[in-house]
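Worksheet: one structure, shown below.
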Amino acid sequence: MPQDRTALNSIALNRRDLVAAAAALALGSVLPGQAFAQKKIVLGFSQVGAESEWRTANTESIKAAAKDAGIELKFSDAQQKQENQIKAIRAFIAQKVDVIAFSPVVESGWDNVLREAKAAKIPVVLTDRAVNSKDTSLYVTFMGSDFVEEGRKAGRWLVDKMKDQKGEVRIVELQGTVGSAPAIDRKKGFEEIIKADPKFKIVRSQTGDFTRAKGKEVMEAFLKAEGKGINVLYAHNDDMAIGAIQAIEEAGLKPAKDITIISIDAVKGAFEAMIAGKLNVSVECSPLLGPQLMTAVKDIVAGKTIPKRIETVESIFPMETAAAEFPKRKY
Ligand code: GZL
């Protein structure tokens, strides 16, 4: 009577399993279905808010990249308030996350909470925006754009556009959030370039807080004060430029023709405005930091050394290139 084949098979299977498991362990690999529980990395992320198209794309990039990387993401939206970010960071410390990352809404006021993270031995990554702390041991790396260079790119484009302009070039400026790194640095880079020629004059400059609504409101005030005396609008982001375009049209003027408009981010709304002939140029500021952040988080947890500064490479898009570029855009 042939022995019970099923029983024979199951013994063979078990033996084979044992050999395979031993080999897998020896090789450091893990068999499907026998994955040994590896603790998931937990990342606490405090986001500025949801103030602009750029921020939305940045949040989407971080959430998608965490999922792809198998990292557990604890995400907090600070609604553009520093006190909410500080609260979130303290909560991450209490939860003993593996790494904390955040985009600081403003440059200053972070030393105390970052010292608390350091005391708790939780590494911190700055994404998108920097802090102005003198103690650079309070964070492992700062990854994001060079905002001063973005401002220089905007200035160089304007100087070239106006090279044959003889008279005064009167500029109004919509600044980003007061005290934020992008607002401080984009102003600095732009002024560094235009100061070479005294014909360029910034006649009005005020914050629009990176939002469409505030950008429109402030541009309405500029138009009321300056009438037809505005030649150029320099907006620190596309959302404020798009709000300002509405105000310019409601004032009976032609955006990008009566008033040359320069902005920064190069989000979808900017390409749509350029294709419609209402925005002259947008300097790229990529929000797609998610994959780089997750790589850095994994490297930090693995004990690897990472550069103190990881800079995103970016371009500039004048309206003449917008239609061709738009289909290729990822945000
Ligand atoms: C820049 C980012 C800025 C964007 C704005 O990296 O911090 O914040 O330019 C966003 O659109 O609100």
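Values in this text are rule-based calculations from the coordinates and carry no lab data. From a predicted model like this one, the values you see are computed outputs, not experimental measurements. Cβ: placed from backbone, ideal geometry, glycine included. Neighbour counts: every protein chain shown.
Of the cross-linked pairs 216/254; 254/328; 81/187; 121/304; 118/298; 63/188, which ones have a Cα-Cα span greater than 25 Å in the structure shown? Pairs exceeding 25 Å: 254/328; 63/188.
Working note: Debye formula, equal point scatterers on the alpha-carbon atoms of the chain, no solvent; log10 I(q)/I(0) at q = 0.10, 0.11 Å⁻¹ is -0.65, -0.74. Scanning the chain for long hydrophobic helices, with DSSP H runs required to stretch 27 angstrom or more by C-alpha along their axis and to average at least -0.5 on the Kyte-Doolittle scale, returns 5-27.
Springs between Cα atoms under 10 Å define the GNM used for the chain, and in it the highest mean-square fluctuation of 197, 146, 77 occurs at 197.
With helices as the sole contributors, the chain gives -14000 deg cm²/dmol at 222 nm; each DSSP H run of n ≥ 4 counts as -39500 (n - 2.57), and the sum is divided by every residue.
Short-range pairs are left out: with C-alpha atoms under 8 Å and at least six residues apart, the relative contact order of the chain is 16 percent. Per residue, the convex hull spanned by the Cα atoms of region 147-285 measures out at 91 cubic angstrom.
Given the chain, what percent of its DSSP beta bridges are antiparallel, to the nearest 5? DSSP beta bridges in the chain are roughly 5 percent antiparallel.
Of the trypsin sites (Lys or Arg not before Pro) in region 172-237, the ones in a loop by DSSP (not H, G, I, E or B) with at most 15 other beta carbons within 10 Å are 195, 199, 228. The distance from the alpha carbon centre of region 51-72 to that of region 186-257 is 30 Å, rounded to a whole number.
Here the contact order of region 183-298, divided by its residue count and restricted to Cα pairs under 8 Å and six or more residues apart, works out to 20 percent.
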